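Visitor: I'd like to ask you about the structure that follows.
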Amino acid sequence: MIAPTLVLLLAGTAGGAAAAFAGLPAPWLAGSMIAVILAAYAKLPLALPEALKAAAFILLGAQTALP
């Protein structure tokens, strides 16, 4: 069985890549969010350790602060 963290990371990466390929704005942010939301609605096992969650918030904050 694939670990729930790996499922989460794979879904986010696939969504970001698909959005980048489609030429959407902020593809790695929007595409990964959409993909993870769809995975959650599909009841896939998703988990994110606290350390990765904190790192994600820092990266999101830095991304929104960039011009």
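The values are calculated or read from the model by the stated rules, or taken from the named source; none is laboratory data. Remember, it's a predicted structure, so these values are computed and weren't measured experimentally. Counting neighbours? That spans all protein chains shown, and the Cβs are built from the backbone with ideal geometry, glycine included.
Visitor: Taking region 36-62 as the region of interest, how many residues are under 12 Å from the mean Cα position of the chain (by Cα) and of a type in the set (Phe, Trp, Tyr)?
Guide: Looking only at that region, the number is 1.
Visitor: Starting from region 30-56, keep only residues that are farther than 19 Å from ALA20 by Cα, then list their pairs with residues that are β-branched (Val, Ile, Thr) and at pLDDT 95 or above whose Cβ atoms are within a distance under 9 Å, requiring at least 6 positions of separation or different chains.
Guide: Sorted first by the residue in region 30-56, then by its partner, the pairs are LEU46/VAL36.
Visitor: Quickly run through region 12-67 and pick out the residues that are at pLDDT below 95, of a type in the set (Ser, Thr, Tyr) and either in contact with a Lys or Arg (Cβ under 6 Å, 6 or more places away or on another chain) or loosely packed, with under 15 Cβ neighbours inside 10 Å (or both).
Guide: THR64
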